[in-house]
Amino acid sequence: MLEEMNILTNPNLATITGITDLATNIKLVQVQLDDPGVRKNFKYSPGQFAEVSVFGVGESPFGLASSSDRGDTIEFAVNRVGTLTEALFRLDIGDQVGVRGPLGHGFPMEDFKGNNILILGGGIGGAPLRPIIQTIFDHRKDYGKVTILWAARSPDLLVFTNEYDEWRSQPDVALHLTVDKATEGWQHDEGLITALIEKSKPSPENTITVTCGPPIMIKFAMLTLEKMGFQPKQNWVTLEAKMKCGVGKCGRCNMGGVFVCTDGPVFCFEEVKQFLESFV
Amino acid sequence: MKVTTQNKINEWLAGFLQKSVVIAPVETEGKFVYRQIEEYSQIAWDFERTDMPPKTAVFPMTEPILYIEQGSKTILKNPPLPKNKIVFGVRPCDARSMLALDALFINKEPIDPQYAHHRESVTLIGLSCPQMWDSCFCTVVGGAPNSTDGLDILITKVGDHYAVQTFTEKGTELTDKLISEEKDLAIPKPVLTENLPTLQKSGEWMELFNNIFWEELSQSCISCRACSFVCPTCRCFDVRDELTAFRPGVKEFERLRAWDSCTAAGYRRIAGGHNPRDTQNKRLRNRFYCKFAYYPDDFGPLGCVGCGRCIDACPAGINILEVITRVEQMTEREKVNG
Amino acid sequence: MTSLENQIRNSARKFLEDGQVSCVIGYERDARGRARPAFIVKADDTERLIWDSDCSLNLVNYLHSRKSPPGKDQPIPKTAVVVRPCDVRAIQLLINEQQLKRENIKIIGITCAGTDINHQLRTECEFCQERIPLIYDVLVEPEKPVELPASQDAYADIEEMESWSSEERFDFWTKEFDRCIRCYACRQACPGCYCFECVAEQVDPHWTSIALEVPEKMFFHVMRAFHLAGRCVGCGACEAACPMNIPLGKLNRKIAKEILELFGYHTGDNSENLPPLVCFNPDERLKI
């Protein structure tokens with residue numbers, strides 16, 4: 001048994017309760033922590049992440065993709081791109097993994113209250129934004145108008161497609177989709193998310209934006225928003241870096257003097273602009 | 001001044017060897033490294049500065065942080081607590097490096113319990129330097145050849161005797177049997193290297209981040225990691241699961257942490273291939289900035305103690321002291337022009 | 001005949017002034033008097049170039065565009081490089097393996113009297129029969145011709161090792177690898193080692209542990225030696241780079257000797273033959 005609750009080295013054992021296809025090469029993995037005490041206390045805010053272990057293969061960081069207020073099932077989206085994600089794809093319901101977390105800083109949902117929220121999700125980057133959407137819907141009156149711009153390279157790479165109707169059905173919520181390359185039967189926009197942002201003409205007045213996606217997408221989305229009058233301090237992003245220990249010890253994820261794992265992964269873009277090293 | 005003799009030191013060490021792990025400098029094929037010794041005669045006394053630092057006593061090159069047994073159930077276990085260790089023959093710069101590592105692993109939340117246990121388990125017995133050696137520059141980064149920071153005990157050779165100073169309770173207790181007499185002995189000041197540059201503050205370094213100097217400097221870097229591996233303060237690590245035993249139905253793994261370096265080409269490459277530090281320029285610049293800007297800004301002490309091992313180890317002739325000098329020159333020039 | 005250094009400087013200057021290359025890679029002296037690689041882009045800076053027995057790192061390593069990427073969207077530059085006869089064989093190897101293009105390189109070949117490791121003449125240099133590079137654009141010659149060593153046997157020191165029993169050999173290498181810190185400087189300094197992800201660090205497939213135990217370290221070095229079978233040119237860059245003075249040349253050259261005996265192949269001999277373990281040649285016969 002593990003002698004001490006050591007967030008640096010000791011994962012909590014968890015069992016997979018669901019593993020479903022989310023998009024091409026992307027699965028949604030659902031786990032429940034084995035220890036009932038740990039499970040009850042595992043609360044996190046949108047934007048935080050956890051280091052998930054496939055024992056014998058390794059450990060990788062994943063953004064937590066669901067709100068912890070909605071239950072004690074932990075969800076995260078897995079893109080099959082490397083050794084660990086390949087191993088996760090081969091697991092099944094009932095298999096055990098390790099979960100170390102919650103780690104990092106999440107979005108300041110309290111500070112977002114009273115604002116309109118513009119949500120920009122690119123590809124699997126939509127997954128860490130989903131808990132924001134869920135939290136807003138669970139406290140709908142606390143937030144203003146919600147606009148969700150969801151993008152992917154192609155229609156088969158859009159995530160959470162089975163939830164779009166539910167999102168649209170919420171009061172004062174607009175959902176717009178775009179893909180870089182449409183396929184036959186695609187009924188929505190074709191083009192980069194920057195074109196969609198310009199088309200939807202969001203007003204910077206009293207609005208907070210949250211963006212997650214590939215670094216290049218974040219860079220251009222920020223440029224577009226600034227062109228439309230958004231101040232850097234209104235724009236929030238969540239960044240990815242190769243995080244290993246997740247608690248600021250191993251030195252891997254630094255961008256200049258800032259560690260993505262402990263100072264982020266959520267950052268106000270005003271801060272990101274001052275990073276010595278580019279995040280792209 | 002409390003003094004002792006070589007013979008008494010040998011007896012003292014022999015006494016420790018009976019009940020403790022003792023780590024001391026030994027010579028192997030012309031290189032001086034810290035190893036566990038069985039007899040005090042194994043100790044090398046005539047080194048200037050060892051080739052590998054004693055940080056291996058608190059931060060081993062590879063160490064398991066978790067044991068995993070995967071059978072019908074998964075069982076996790078932490079490694080056992082480390083045994084008490086006496087580390088003998090630590091140069092003052094290396095003792096200061098332990099304090100720099102403490103600032104990250106212990107003083108900043110969350111504590112790294114494994115490092116903390118190692119640290120608690122060591123007693124550091126220092127050997128003062130009579131002079132600064134060929135590639136040393138401890139004085140540039142706030143140290144000195146006779147600095148006492150971080151040590152439990154410091155021994156200084158003065159003629160036929162050794163002066164003994166203690167700084168902690170642990171040190172005082174341990175030297176009880178060591179002292180031979182009190183003597184009126186003046187410890188000579190160590191000989192310092194002259195004409196060394198002044199280290200600029202992190203703010204000055206930040207101004208020069210995009211200077212073309214870093215590109216020129218890093219052209220000869222081969223991303224070999226030797227500098228980080230001989231460095232007493234470098235602490236970046238990788239974590240891997242390694243198979244240790246295999247029997248029907250059960251696999252045993254250890255989760256190992258191992259030294260790594262930000263100079264390695266694939267250090268920041270993520271699955272999928274994106275690498276924000278894809279050129280030697282960006283990687284080497286990061287290493288220097290980490291030591292002189294990020295580390296002090298984030299944790300307090302500098303990430304460098306001026307031991308000069310990286311200068312000797314680098315196959316491509318990259319010299320950290322030259323870098324400090326150039327930064328000083330570039331900063332002066334900015335002040336004059338600006 | 002001007003001195004070696006003057007010849008190097010003059011050739012470098014000419015290449016730069018004529019615009020034939022954008023950079024000359026040679027050696028310069030650092031503040032501590034040691035030789036280190038220099039990257040000269042301005043004709044006047046060619047005065048920094050030197051040559052002495054301390055010049056023991058294989059500069060061909062810097063020509064490989066994967067190991068020294070030219071920068072985002074930059075074309076592969078034309079470069080001149082100062083090389084010893086052993087170094088030049090590495091150029092030939094990389095051309096054969098399609099990693100370099102001959103037209104991108106200008107070779108300043110040194111008539112070599114041998115270089116040092118740790119201030120002592122390299123064992124290989126003591127026995128080397130090849131003092132003039134096989135290919136060059138400019139040949140730099142000393143005032144007095146370099147004498148060839150009397151012994152014809154380039155592998156005399158390896159034969160000595162072969163006379164040991166296998167226990168003695170195993171003990172020898174156990175002692176040497178004990179102080180290896182697995183920094184991979186040897187691999188990074190080697191022009192033949194340019195894999196995007198080395199098998200020693202791969203997680204999938206998981207060939208070896210990253211632990212620093214002697215068996216793991218031995219595995220890495222022996223595996224690297226085998227991956228260099230027929231590709232090692234005996235330049236000694238690995239030994240020069242090793243911070244722990246491990247005599248890696250003994251391992252790699254042992255394999256080079258076996259390749260010579262089995263296939264009659266010496267790496268970098270010409271532009272046609274690929275190393276025997278890299279290609280399949282149905283006409284090849286082992287010289288057993």
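The values are calculated or read from the model by the stated rules, or taken from the named source; none is laboratory data. Computed from a predicted structure; not experimentally measured. Heads up, the Cβs are rebuilt from the backbone with ideal geometry, glycines too, and the neighbour counts pull from every protein chain shown.
Quick notes on this one:
- The set of residues in segment B:244-253 being touching a Phe, Trp or Tyr at 6+ places or on another chain (Cβ under 8 Å) and more than 7 Å from chain A (Cβ to nearest Cβ) consists of B:Thr244, B:Glu252.
- Residues that are within 23 Å of A:Pro204 (Cβ to Cβ) and either among the small types (Gly, Ala, Ser) or out of contact with any strand residue (DSSP E or B) (no Cβ under 8 Å at 6 or more places or on another chain) (or both), drawn from segment A:112-138: A:Lys113, A:Gly114, A:Gly121, A:Gly122, A:Gly125, A:Gly126, A:Thr135
- The set of residues in segment B:11-31 being under 19 Å from C:Thr174 (Cα atoms) and touching a Lys or Arg at 6+ places or on another chain (Cβ under 8 Å) consists of B:Val26, B:Thr28, B:Glu29, B:Lys31.
- Residue match in segment B:119-133 (condition: more than 23 Å from the chain's Cα centre (by Cα), of a type in the set (A, V, I, L, M, F, W, C) and more than 14 Å from chain C (Cβ to nearest Cβ)): no
- Residue in segment C:186-200 that is crowded, with 18+ Cβ neighbours inside 10 Å, touching a Ser or Thr at 6+ places or on another chain (Cβ under 7 Å) and either assigned to a loop (DSSP other than H, G, I, E, B) or within 14 Å of chain A (Cβ to nearest Cβ) (or both) present: yes
- Given (1) more than 11 Å from chain A (Cβ to nearest Cβ); (2) farther than 30 Å from A:Val81 by Cβ; (3) touching an Asp or Glu at 6+ places or on another chain (Cβ under 8 Å), index of the condition B:Asn281 fails: (2)
- Residues in segment B:254-275 that are surrounded by fewer than 21 Cβ atoms within 10 Å (Cβ to Cβ), within 8 Å of chain A (Cβ to nearest Cβ) and under 30 Å from B:Gly71 (Cβ atoms): 1 in all.
- Test: residue in segment A:169-189 that is within 14 Å of another protein chain (Cβ to nearest Cβ), at pLDDT below 95 and farther than 30 Å from A:Asn10 by Cβ: no
- Just one residue in the set C:Pro275, C:Pro282 is surrounded by fewer than 16 Cβ atoms within 10 Å (Cβ to Cβ) and in a loop (DSSP other than H, G, I, E, B); that residue is C:Pro282.
- Leading residue by the ranking (surrounded by the most Cβ atoms within 10 Å (Cβ to Cβ)) among those in segment B:85-99 that are not in a helix (DSSP H, G or I) and not charged (D, E, K, R): B:Val90
- For first residues located in segment B:206-217 and away from chain A (no Cβ under 14 Å), partners that are outside any helix (DSSP H, G or I) and not hydroxyl-bearing (Ser, Thr, Tyr) and lie 6+ apart or on another chain with Cβ distances below 8 Å form the pairs B:Glu216/C:Phe39; B:Leu217/B:Ile318.
- Selection status of A:Ser203, within 20 Å of A:Ile133 (Cα to Cα), of a type in the set (Gly, Ala, Ser) and over 17 Å from the mean Cα position of the chain (by Cα): yes
- Here the condition is being within 13 Å of another protein chain (Cβ to nearest Cβ), over 16 Å from the mean Cα position of the chain (by Cα) and either of a type in the set (Phe, Trp, Tyr) or not in a helix (DSSP H, G or I) (or both); of A:Val97, A:Val78, it holds for A:Val97 alone.
- Boolean, C:Ile117 is within 12 Å of another protein chain (Cβ to nearest Cβ), under 30 Å from B:Asp134 (Cα atoms), in contact with a Leu (Cβ under 8 Å, 6 or more places away or on another chain) and not basic (Lys, Arg): no
- Of all residues making up segment C:57-73, the number that are surrounded by fewer than 23 Cβ atoms within 10 Å (Cβ to Cβ) and within 10 Å of chain B (Cβ to nearest Cβ): 8
- So B:Leu66, is it within 30 Å of A:Pro11 (Cα to Cα), of a type in the set (A, V, I, L, M, F, W, C) and out of contact with any strand residue (DSSP E or B) (no Cβ under 6 Å at 6 or more places or on another chain): no
- Those residues of segment B:296-309 which are surrounded by fewer than 24 Cβ atoms within 10 Å (Cβ to Cβ) and part of a helix (DSSP H, G or I), in sequence order: B:Pro296, B:Asp297, B:Asp298, B:Phe299
- Qualifying residue in segment A:49-64 (condition: hydroxyl-bearing (Ser, Thr, Tyr) and closer than 27 Å to A:Lys249 by Cα): yes
- Of the residues making up segment A:108-115, none is within 14 Å of chain B (Cβ to nearest Cβ) and out of contact with any Pro (no Cβ under 7 Å at 6 or more places or on another chain).
- Scanning segment B:288-338 for residues being within 14 Å of chain C (Cβ to nearest Cβ) and closer than 20 Å to B:Cys138 by Cα gives a total of 19.
- Boolean, A:Ala221 is surrounded by fewer than 18 Cβ atoms within 10 Å (Cβ to Cβ), outside the structural domain of A:Glu59 (by TED's automatic domain parsing) and touching a strand residue (DSSP E or B) at 6+ places or on another chain (Cβ under 7 Å): no
- Scanning segment B:11-34 for residues that are within 26 Å of the chain's Cα centre (by Cα) and among the polar types (S, T, N, Q) yields a total of 2.
- Summed over segment B:61-84, the residues that are buried (at least 18 other Cβ atoms within 10 Å of the Cβ) and either under 30 Å from B:Thr172 (Cα atoms) or in contact with a Cys (Cβ under 6 Å, 6 or more places away or on another chain) (or both) give a count of 1.
Each row is one residue, and each column tells you yes or no for (1) surrounded by 14 or more Cβ atoms within 10 Å (Cβ to Cβ); (2) touching a residue at least 12 places away in the same chain (Cβ under 8 Å).
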residue: A:Asp138; (1), (2): no, yes
residue: A:Lys145; (1), (2): yes, yes
residue: A:Asn162; (1), (2): no, no
residue: A:Glu166; (1), (2): no, no
residue: A:Ser169; (1), (2): no, no
residue: A:His188; (1), (2): yes, yes
residue: A:Leu196; (1), (2): yes, yes
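- Scanning segment C:152-185 for residues that are assigned to a helix (DSSP H, G or I) and within 14 Å of chain B (Cβ to nearest Cβ) gives C:Asp171, C:Phe172, C:Trp173, C:Thr174, C:Lys175, C:Glu176, C:Phe177, C:Asp178, C:Ala185.
- Considering residues of segment C:207-243 that are among the aliphatic types (A, V, I, L, M) and assigned to a loop (DSSP other than H, G, I, E, B) only, the residue surrounded by the most Cβ atoms within 10 Å (Cβ to Cβ): C:Val233
- Matching residues in segment C:198-212 - criterion: being closer than 15 Å to B:Val239 by Cα and in contact with a helix residue (DSSP H, G or I) (Cβ under 7 Å, 6 or more places away or on another chain): C:Ala200, C:Val203, C:Asp204, C:Thr208, C:Ser209
- Residues of segment C:115-132 classified as in a helix (DSSP H, G or I) and hydroxyl-bearing (Ser, Thr, Tyr), total: 1
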